[in-house]
1. For residues that are in a helix (DSSP H, G or I) and closer than 18 Å to I146 by Cβ, scanning just the stretch 217-233, find the one that is farthest from the chain's Cα centre (by Cα).
2. Which one of the conditions (1) surrounded by fewer than 17 Cβ atoms within 10 Å (Cβ to Cβ); (2) in contact with a Leu (Cβ under 8 Å, 6 or more places away or on another chain); (3) not small (G, A, S) does N196 fail to meet, given that it meets all the rest?
3. Test each condition in (1) out of contact with any strand residue (DSSP E or B) (no Cβ under 7 Å at 6 or more places or on another chain); (2) closer than 13 Å to L213 by Cα; (3) not hydrophobic (A, V, I, L, M, F, W, C) for G140 and report the one that comes out false.
4. Examine the stretch 175-195 for a residue that is closer than 19 Å to L213 by Cβ and of a type in the set (S, T, N, Q), and state whether such a residue exists.
5. I want to confirm something. Restricting to the stretch 49-98 and keeping residues that are of a type in the set (D, E, K, R) and out of contact with any helix residue (DSSP H, G or I) (no Cβ under 6 Å at 6 or more places or on another chain), which single residue is least open to solvent (accessible area, probe 1.4 Å)?
6. Any residue in the stretch 58-70 that is part of a helix (DSSP H, G or I) sitting within a Cβ distance under 6 Å of a residue that is surrounded by fewer than 16 Cβ atoms within 10 Å (Cβ to Cβ) and of a type outside the set (K, R)? List the pairs, counting only those 6 or more apart or interchain.
7. For the stretch 109-131, does any single residue satisfy the condition of being surrounded by fewer than 18 Cβ atoms within 10 Å (Cβ to Cβ) and closer than 17 Å to S203 by Cα?
8. Name the single residue, out of those in the stretch 140-158 being part of a loop (DSSP other than H, G, I, E, B) and out of contact with any Lys or Arg (no Cβ under 6 Å at 6 or more places or on another chain), that is most open to solvent (accessible area, probe 1.4 Å).
Amino acid sequence: MRDGSHKNLIAEAHKDELARGGGARRPPSALPPRRRTMPFLHTRSLVPDLPGLVLVERLSSTRNGCYQLARLLGLDSSPGSEAKVVGVSLRLTKQGSIDAIAFATETLVVHVTVGPETGIVSMKEGLSRALNHPKCLLMGLHMARILLLLQRQFKLRSQGVDICETLHRADSRTPPSPGRMARDVLHKRSCEYDINALWYSHSNDDLDLRAWLTACLAEKCAYTVTQAATLKTQDLITSHLTCLSL
């Protein structure tokens, strides 16, 4: 789905909300056939000037579900050889295993639920097709940890760029927080405290917003991101991966 289509769907959603305010109700026989619509993520006005609604596609962790990732994220249809930024965020159980993954562009979030019956092979094949796509530039906060968790649970070797380390200023001793990055890169009136709080919350919306904000940050400083060092679990031997993933 192209970005233009996403914007059209969001505009239609706003019109629908306005239309519900009044007018005579039509009988069921006069209603048009119901179309399948994607749910929307409310972005809570965390960053001024960014969209208030973002489309969300929810997938199961089956083979067919995961195989849709590359298409939904626009990797297969992206023209030329230019990399496409994809933000990522994970949610863990109390036992430390992944139970949900959010992938995002500026206009779409893909939320993958990882069920207890999820097969390692089906997840690995579907995720690998997207994350190891030649046009995919995976971005995340604490990217090394994300890559190691994907390797530990799904035996998936992949690569990505740490947005926090990429935007770390040389004159600062510590990497910036997500909220500080939003203020410095996206808008000076970004809600720094509320953005930071997303990384300590565990709802579906919080998870999706983390991935979406990461994608927005990366798109805003695209040149810097493409020149940043890439972390790769492909370059580690199995014994080292096992040790790091403990």
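1. Here the residue is V225.
2. Status for N196: all satisfied but (2).
3. Result: G140 passes all but (1).
4. Yes, the stretch 175-195 has at least one match.
5. K84
6. Taking only residues 6 or more apart or on different chains, the pairs are A70/D76.
7. Within the stretch 109-131 (the criterion being surrounded by fewer than 18 Cβ atoms within 10 Å (Cβ to Cβ) and closer than 17 Å to S203 by Cα), the answer is yes, since at least one residue qualifies.
8. Checking each candidate, the answer is H142.
The values are calculated or read from the model by the stated rules, or taken from the named source; none is laboratory data. Here the structure is a predicted model, which means the values were calculated and not measured. Ideal geometry is used to build each Cβ from the backbone, glycine not excepted, and the neighbour counts take in all protein chains shown. Each accessible area value is taken on the protein alone, full model and side chains, heavy atoms only, with ligands, DNA and RNA left out. Shrake-Rupley method; radii C 1.70, N 1.55, O 1.52, S 1.80 Å.
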